[in-house]
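These notes are about the structure you will find just below.
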Amino acid sequence: MKIKDTPLKDCYIIEPTIFEDDRGYFFEKFNENKFEELTGMNGHFVQDNISKSSYGVLRGLHLQKGEHAQAKLVSCLEGKVYDVAVDLRKDSPTYGKCFGIELTAENKLQLYVPRGFGHGFSVLSETAVFSYKCDNFYNKESEGSVLWNDKDLNIDWQLPEQDVVLSEKDKISPTFLEGNF
């Protein structure tokens, strides 16, 4: 496993070491000890979630607040997504900055999104199966969000706007400046 920095403090790309032969491939998706050794961050996860979405679906920008904040380790198991992390930690040197990366079943990359970040993704393939490992349990009362097309964040979701499919909740999220995080 290789850990690569992103422009955002404490947010990392995880690249697995893949062993391939004529039978297929094998790789270690996650190793808590290696992760902690390479990043100095806690890598203990307590909840796994999977979502399946169609082309154009945009999920985000979401977060859990307060004592229910979650760090996430995300990957795309099938298809292709554009994954985005936004640093919403007001005391961070990268507060208000965004990072996006294409995650695919083929590249097998993962993104570690720390607590205090907003997170979302857009589906670029016909369908995508997306995996989230979370280090804290979900709590509905602790949900937070930021408007997906916030002008201050100016995120390029890699989709034509007319193709974007949103939940009702994501259509009415507050802006970055309104900040409910």
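When the residues of region 79-133 are narrowed to those that are of a type in the set (S, T, N, Q) and in contact with a Ser or Thr (Cβ under 6 Å, 6 or more places away or on another chain), which ends up surrounded by the most Cβ atoms within 10 Å (Cβ to Cβ)? Among them, the one singled out is GLN110.
Of everything in region 8-42 that is under 20 Å from TYR82 (Cα atoms) and touching a strand residue (DSSP E or B) at 6+ places or on another chain (Cβ under 6 Å), the residue that is surrounded by the most Cβ atoms within 10 Å (Cβ to Cβ) is ILE14.
Report yes if SER92 is touching a residue at least 60 places away in the same chain (Cβ under 8 Å), assigned to a loop (DSSP other than H, G, I, E, B) and within 29 Å of HIS44 (Cα to Cα), otherwise no. Yes; evaluated as a whole, the condition is true for this residue. I need the full set of residues from region 75-103 which are more than 23 Å from TYR55 (Cβ to Cβ) and of a type in the set (Lys, Arg), in order please. Once the filter is applied, which keeps residues that are more than 23 Å from TYR55 (Cβ to Cβ) and of a type in the set (Lys, Arg), region 75-103 yields ARG89, LYS90, LYS97. Quick check: is even one residue across region 74-88 within 12 Å of the chain's Cα centre (by Cα) and aromatic (Phe, Trp, Tyr)? So far as region 74-88 goes, yes, one or more of its residues are within 12 Å of the chain's Cα centre (by Cα) and aromatic (Phe, Trp, Tyr). Is it the case that region 57-72 has a residue that's among the small types (Gly, Ala, Ser), closer than 13 Å to TYR112 by Cβ, surrounded by 12 or more Cβ atoms within 10 Å (Cβ to Cβ) and touching a residue at least 60 places away in the same chain (Cβ under 8 Å)? Within region 57-72 (the criterion being among the small types (Gly, Ala, Ser), closer than 13 Å to TYR112 by Cβ, surrounded by 12 or more Cβ atoms within 10 Å (Cβ to Cβ) and touching a residue at least 60 places away in the same chain (Cβ under 8 Å)), the answer is yes, since at least one residue qualifies. Taking every residue in region 154-181 that is at positive phi and pairing it with any residue that is surrounded by 13 or more Cβ atoms within 10 Å (Cβ to Cβ) and among the hydrophobic types (A, V, I, L, M, F, W, C), at least 6 positions away or on another chain, the pairs with Cβ-Cβ distances below 7 Å are GLN158/LEU124.
Tally up the residues in region 46-55 that are crowded, with 18+ Cβ neighbours inside 10 Å and not in a strand (DSSP E or B), please. Quick ask: steps written out before the conclusion?
Within region 46-55, the subset crowded, with 18+ Cβ neighbours inside 10 Å is 53.
If we keep only those that are not in a strand (DSSP E or B) too, we end up with none.
Number satisfying all stated conditions: 0.
In region 135-143, the condition of being among the hydrophobic types (A, V, I, L, M, F, W, C) and surrounded by 14 or more Cβ atoms within 10 Å (Cβ to Cβ) is met by no residue.
In the set LEU73, LEU61, LEU77, which member is modelled with pLDDT of 95 or more, part of a strand (DSSP E or B) and under 19 Å from GLY179 (Cα atoms)? So that I can check it myself, show each step before the final result.
Values: LEU73 fails: under 19 Å from GLY179 (Cα atoms); LEU77 fails: under 19 Å from GLY179 (Cα atoms).
That would be LEU61, the only listed residue that is modelled with pLDDT of 95 or more, part of a strand (DSSP E or B) and under 19 Å from GLY179 (Cα atoms).
The values are calculated or read from the model by the stated rules, or taken from the named source; none is laboratory data. No experiment lies behind these values; they were computed from the predicted model shown. Methodologically, a virtual Cβ is constructed for each residue, glycine included, from the backbone with ideal geometry; neighbour enumeration extends over all protein chains shown.
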